[in-house]
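Heads up, the thing below is written out as structure tokens.
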């Protein structure tokens, strides 16, 4: 494909006018499509916000006085630390594997994605097991050198360390796509301006990759905010801790919902602000070098690169996997039975179907934004993808309440016809899959949207001049160009659904137990070693799309 | 594959006829996990032919679910692993009164709701675990004594976010009043040798490794750990046993169950609950997790009995629920994380 140099989706926003909303929502138009998708998220969000109708001044007062000041500080430092951590790890590793040549590059370029399949709480449990006072390392050090004061793994630094390692793949994956498609050309341009390699990276390639890096970073930060499992293992209290404290300990679901709604407003503002700073920039398409020469590192540099990538891979994936396998070998004899085939099958089906739905919705939403850009559309897109930042259990309830309500209405109607039963919609896969879509739309939307920014308007115009309809433009021109982005979206959603616990627990039909449900059953009573078996199964099943994805990344850069 | 597609189709659009609950079936929402309840339900089905359908989740979501479903809940029974959440379910009007002579006889009065809306089915005792190389049992006495400065930098605790600690503090508030309890818990916090742990097992491992000398755990965690690593230098101590000093006894909690207000098969559910409390089922129920049977006629598992007998606190466990919020706020105030 020839190089182009036109302006990409520059988001030249049409000014938002309230009266324009009706025109925006014109039936059959792209605005209506976006609104319908956003509605899926808006309903549970509205349920959660409606908790403000039940004042909980007493509980909120207590939390504000004794709990929140410290939690807000904790949350701030966690976001900052993880933000820096995933950006540094993700961008540096993406640059190295996409642009440089060093021993093991091919292996690392896909292997560095594997930590995506390891749930963060599993990594946390393994790391604390290894590095805490009672772990093998400190025990050995004490035996060898006598009593000593070592840094606490169960600390702010520890939780940032673990979450950065667990979440960097989001940035790595998306940034790597960007570097593969435009990095070389960017560097060449920089060199022609007399910049050296480092300057070229810092001043040209990095700013050009910003939308992609930001998309990955946003996913990592939303997951950090929503996380409860990992911080609970560290006993590191964040804003989410207060939400669950209000609900489970102080028995107030409405106070928990109120706190959740504050969290969501914060994320929404953050997301819109990030988008705002970006919308002033225009991204020039530079096409891609079909087969580019990689930067050849000096022997010393190459050695450093290999060690660095190897270290990250070992800590984030290999060591936890080995530990889990050791535990699994202890319990496999008693716990591994034929039912596991069913758990694996259920997990694969749900993740596959869920990922497909997420991809379709993400594509429609991204495409709507392309067809009808503007500030209102941006808001609609942000609201539609906010589910990822909710603490999972709160969102699960937010989904369940309206479904149960609708069920009650339908059942009352059916009862007058003499029907007896208790479930129509609830307890069906349909509800479960839609709930997954609400939760993980952001995961699909990130890659698809940044991919769409690369499809230039020139292509659209050229196609239109030739009389191509919107639909065939999508299927014949855009879809092939978006293949890698869609695949990234599908893989991320697949792995995330595989690991998802609260929505699965709350909405699964009777008998639809999955691997994640097994993890819950074991960890609920603190039996972490027994949870290793389903955790390993999740990792192995999660590898399928990741390996598939990695294989594609090298060949097609679209 | 075809089988799977049928299942999927069935799942995607619930087949209405199939979803109608048959009378020969009891539906359970359970926070007690699958590996602990399934063997029991299987045994019940084998004995009576009545099928038990169940779904597991945490207590919070299960309660929210029952509330949202209202009159159209499929659930007949709610099972939890603490008294507090059963109390809360009853407060929210999610449970119904049960009149059953069998349950009255099998479950001691302090381990069930005074209004008979829920019943304990196993006892979970929270006790002291100490390092045998560093502590003499004579040095230990009560939960309250752990606030004594002599334990400075020698105490390890699990997080206050776990309901077992919340229940313990709630019962202390009932016994001592809020002011005195606050002083005691403040004393605990001052004596901590390490930040609170995420679970009982980790706290015991820290005691065994010498990071601290004593901790507070539910006995079945101790049983599980010692089964795996019998050589750990850990001893078990029953606190608050001195009747002369008016000690109230070891703090106990329950795992238990209640019948839902809108149960479709309440009679079947009550029968199941009576069976669970019966001599036949109590060992299966308690022993699978090294807990204590509630039914006084049933002896605990031999390994559990080997830890010795103890006098339990006889205050009704509903106080654990009624005073839980107060306990949590108290722990927040003194900085117990």
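What FRET efficiency, computed as 1/(1 + (r/R0)^6) with R0 = 60 Å and r the Cβ-Cβ distance, is obtained for residue B:51 and residue A:269, rounded to the nearest 0.05?
0.70
Remind me, relative contact order of the range B:274-323 in percent, using alpha carbon pairs under 8 angstrom and six or more residues apart? If you can, show how the numbers build up before the last one.
Details: 34 pairs, mean separation 12.1, N = 50.
For the range B:274-323, the relative contact order is 24 percent.
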Note to self: For a test of the definition: using alpha carbon positions, the gyration tensor, and the 1.5 limit on a/c, classify the range A:190-257 as rounded, prolate or oblate.
What the structure shows: prolate
Check: Where does each of B:278, A:298 land when they are ranked from fewest to most other beta-carbon atoms within 10 angstrom?
Finding: A:298, B:278
Checklist line | Separation of the residue A:461 and residue A:547 label points, Cα + 7 Å toward Cβ, nm | finding: 4.6 nm
Next item on the list: Measure out, as a whole number of angstrom, how far apart the alpha-carbon centroids of the range A:315-344 and the range A:432-506 sit.
Entry: 33 Å
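How many partner chain Cβ atoms sit within 10 Å of a residue's Cβ in peptide A:528-537, on average, as a whole number?
Across the residues of A:528-537, the mean count of other-chain Cβ atoms within 10 Å is 1.
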Item checked: Other protein chain Cβ atoms within 10 Å, averaged over every residue that makes up A:423-432 -> 5
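If you rank A:179, A:548 by fewest surrounding Cβ atoms within 10 Å, what's the result?
Details: A:179 26, A:548 15.
With the fewest neighbours first, A:179, A:548 line up as A:548, A:179.
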Note to self: What FRET efficiency comes out for residue A:540 versus residue A:304 if R0 is 35 angstrom and r is the Cβ-Cβ distance? Round to the nearest 0.05.
What the structure shows: 0.65
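Share of antiparallel DSSP beta bridges in the protein assembly as shown, in percent to the nearest 5?
In the protein assembly as shown, DSSP labels about 60 percent of beta bridges as antiparallel.
Neighbouring Cβ atoms within 10 Å as the yardstick, rank A:249, A:472 fewest first. Walk me through the intermediate numbers first.
Values: A:249 22, A:472 12.
Ranked by crowding around the Cβ, least crowded first: A:472, A:249.
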Next item on the list: Determine, from the Cβ-Cβ distance of residue A:472 and residue A:410 and an R0 of 30 Å, the FRET efficiency 1/(1 + (r/R0)^6), rounded to the nearest 0.05.
Entry: 0.15
Next item on the list: Sort the following peptides by mean Cβ neighbour count (other Cβ atoms within 10 Å, averaged over residues), highest first: B:253-259, A:306-312.
Entry: B:253-259, A:306-312
Next item on the list: Could you work out which residue, out of B:239, B:196, B:61, moves most in a Gaussian network model of chain B, that is, has the largest mean-square fluctuation with Cα springs under 10 Å?
Entry: B:61
Item checked: For chain A, calculated [θ]222 nm from helices alone, where every DSSP H run of n ≥ 4 adds -39500 (n - 2.57) -> -22500 deg cm²/dmol
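Give me a single rounded figure for B:217-228: the average over its residues of other chain Cβ atoms within 10 Å of their Cβ. Don't jump to the answer; show the numbers that get you there.
Numbers: counts 0, 2, 0, 2, 3, 0, 0, 3, 0, 0, 0, 2.
Neighbouring Cβ atoms belonging to other protein chains average 1 per residue here.
Considering only DSSP beta bridges whose two residues both sit in chain B, what percent are antiparallel, to the nearest 5?
On the way: 25 of 39 bridges.
That works out to approximately 65 percent antiparallel.
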Note to self: What distance in nm lies between label points placed 7 Å from Cα along the C-beta direction at residue A:25 and residue B:43?
What the structure shows: 5.8 nm
Margin query: Tell me the mean residue ellipticity at 222 nm calculated for chain B from its helices only (DSSP H runs of n ≥ 4, each -39500 (n - 2.57), averaged over every residue, nearest 500).
Written below: -12500 deg cm²/dmol
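Where a ≥ b ≥ c are the square roots of the eigenvalues of the C-alpha gyration tensor, would you call the range B:27-72 rounded, which needs a/c under 1.5, or, failing that, prolate if a/b is larger than b/c, or oblate? Don't skip to the end; give the middle numbers.
Details: a/c = 5.05, a/b = 1.70, b/c = 2.96.
Note, shape of the range B:27-72 comes out oblate.
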Check: Under the definition of Cα pairs under 8 Å and six or more residues apart, what whole-number percent is the relative contact order of the range B:85-182?
Finding: 16 percent
Check: Spin-label point model (7 Å from Cα, Cβ direction): what's the residue A:197 to residue A:53 distance in nm?
Finding: 6.3 nm
Notebook entry, point to check: From the Cα gyration tensor of the range A:66-125, with a ≥ b ≥ c the square roots of its eigenvalues, which class applies: rounded if a/c is under 1.5, or else prolate if a/b is larger than b/c, or else oblate?
Noted result: oblate
Notebook entry, point to check: So what is the relative contact order for chain B, in percent, with contacts set as C-alpha pairs under 8 Å and at least six apart?
Noted result: 28 percent
Checklist line | Ordering of A:377-390, B:283-296 by burial proxy (mean other Cβ atoms within 10 Å per residue, highest first) | finding: A:377-390, B:283-296
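Of the peptides A:233-240, A:268-275, how do they stack up when ordered by the mean number of other Cβ atoms within 10 Å, highest first?
Numbers: A:233-240: 24.2, A:268-275: 16.0.
Highest to lowest by the protection proxy: A:233-240, A:268-275.
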Margin query: What is the angle, in °, between the Cα long axis of helix B:324-333 and the longest principal axis of the Cα atoms in chain B? Nearest 10 is fine, range 0 to 90.
Written below: 40 degrees
Note to self: Give me the extension gain from residue A:152 to residue A:420: residue separation times 0.36 nm, minus the current Cα-Cα distance, reported in nm with one decimal.
What the structure shows: 90.6 nm
Note to self: Compute the angle between helix B:163-176 and the longest alpha-carbon principal axis of chain B, please, reported from 0 to 90 degrees and rounded to the nearest 10.
What the structure shows: 60 degrees
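FYI, it's all coordinate maths here, none of it is from the lab. Note that the structure is a prediction, hence the values are computed from the model and not measured. No Cβ is skipped: glycine too gets one built from the backbone with ideal geometry, and neighbour counts run over all protein chains shown.
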